[in-house]
Amino acid sequence: MEAAANAIVITDRDGNIVWVNSAFSLLTGYAEDQAYGRNLMPLSGYPDESFCRQFWQQLQTAAEVWRGESAHSRQDGSLYEEVMTITPVRNNQGEIVNFIAIKEDITEQKMAAAAMEKANALRAQAEKLSSLGTMAAGLAHEINQPLNSIKMIASGMVYAYNKGKERPVSDLMRNVEEISNQADRINRIIMHMRSFIRQDASQATYCNLNAAVEQSLRIMGSQLTAHGIQIQTELAEHMLLVYAIPTALEELIVNLASNAMQAMDSAECRDKRLLIQTWADQNTVNLKISDTGPGIPAANRSRLFEPFFSSKQGGDNLGLGLPIVQAIVTSCQGTITVVSKENEGAAFLITLPGSRTEAV
């Protein structure tokens, strides 16, 4: 035990330290003579005396191995994170006489996991921005419409004024009201895009999958059309509601449509078609997105939802589109499967639990 890399502590049945190895001193900063006689739990960062008494009493009663993970302070005040396991030791009569605690320093593992989580979050955010880049043409079209209306109304008012034409105040106020309405429309588009990027669980609500399809195509439909893709939709009239973040459903559709567009472009397909279908069963809502591209090779199917895997050419692709789609589907308690064969185009079927309340 003295040679062990992990810190090892032996206590009496009340948790008072009777022996420590040198690894304990290296981990906590407490020398052997400073540790002897002190209770293990306060020394391990649990300062409440009442809690410590109850802890050891429960440990004696349960007579089971205890395992805990938490952050503690060394003697010099620096922080470290550990996993501590406490095991009871019995005498020949079966009575607990000691406890052995093993303390493993997991500070570096925690830091590495936090760094990896942050990096993955940044990559996922970059994938969202990549999706927005694909949608840029559609966004420009969406914003240009109200901008043109504002321009025309304002120009007409200026022209009439320069020509000395007097207009009733009621006409002017109607024009001002319409300018305000168009400005609100632009603001809604911008706010929608912000919520697309900054999604959080508080945005979840019961929503109509058809509305997500229509909004996604409204934003990126012009981009698909510019690539020579014919868009077909078969949306069921009466749909169950889905509990989800509306913009997350849009992101899911945008990613799959974008993948289809890139696949059909790379294969130089002559007949480019994107078909989006929705229908509801008794308790589920279904979304199927199909294309007339080259399909998905059998060798790639098992890795489709693997983060950072991509069969696309070019270093700009992060390989996170489909993992993000799968994460969104999973967060909605749904499933996603590939339902097409190689050389028959790609088709993804998404099944989500539906509410019995029908969308209006």
Requested in this report: Considering only residues that are open to solvent by 50 Å² or more (accessible area, probe 1.4 Å) and without any contact (Cβ under 8 Å) to a residue 12 or more places away in the chain, look in segment 282-300 and name the one that is farthest from Gln203 (Cα to Cα).
Outcome: Ala299
Report summary line: For segment 90-114, pairs from a residue that is touching a residue at least 60 places away in the same chain (Cβ under 8 Å) to a residue that is open to solvent by 70 Å² or more (accessible area, probe 1.4 Å), with Cβ under 8 Å and 6 or more apart or across chains, are Ile96/Arg13; Ile96/Arg90; Val97/Arg13; Val97/Arg90; Asn98/Arg13; Asn98/Val18; Phe99/Arg13
Query raised in the report: So which residues in segment 207-235 are of a type in the set (Asp, Glu) and either farther than 16 Å from Ile189 by Cα or touching a Ser or Thr at 6+ places or on another chain (Cβ under 6 Å) (or both)?
Result: Glu234
Query raised in the report: Of all residues in segment 68-86, which are without any contact (Cβ under 8 Å) to a residue 24 or more places away in the chain and under 18 Å from Ala5 (Cβ atoms)?
Result: Val83, Thr85
Report task. Could you pull out every one of the strands (runs of 3 or more DSSP E) wholly within segment 149-262 that has 2 or more residues that are open to solvent by 40 Å² or more (accessible area, probe 1.4 Å), closer than 20 Å to Ile276 by Cα and at pLDDT 85 or above? Result -> 230-235
Report task. Starting from segment 253-266, keep only residues that are more than 17 Å from Thr225 (Cβ to Cβ) and touching a residue at least 12 places away in the same chain (Cβ under 8 Å), then list their pairs with residues that are of a type in the set (S, T, N, Q) and in a helix (DSSP H, G or I) whose Cβ atoms are within a distance under 8 Å, requiring at least 6 positions of separation or different chains. Result -> Asn255/Ser131
Report task. Quickly run through segment 1-40 and pick out the residues that are under 13 Å from Gln75 (Cβ atoms) and of a type in the set (Phe, Trp, Tyr). Result -> Phe24, Tyr30
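The values are calculated or read from the model by the stated rules, or taken from the named source; none is laboratory data. Just so it is clear, the model here is predicted, and its values are computed rather than measured. Here Cβ is always computed from backbone atoms with ideal geometry, including for glycine, and neighbour counts include all displayed protein chains. Please note that ligands, DNA and RNA were not included when accessible areas were found on the heavy atoms of the full protein model with its side chains. Shrake-Rupley method; radii C 1.70, N 1.55, O 1.52, S 1.80 Å.
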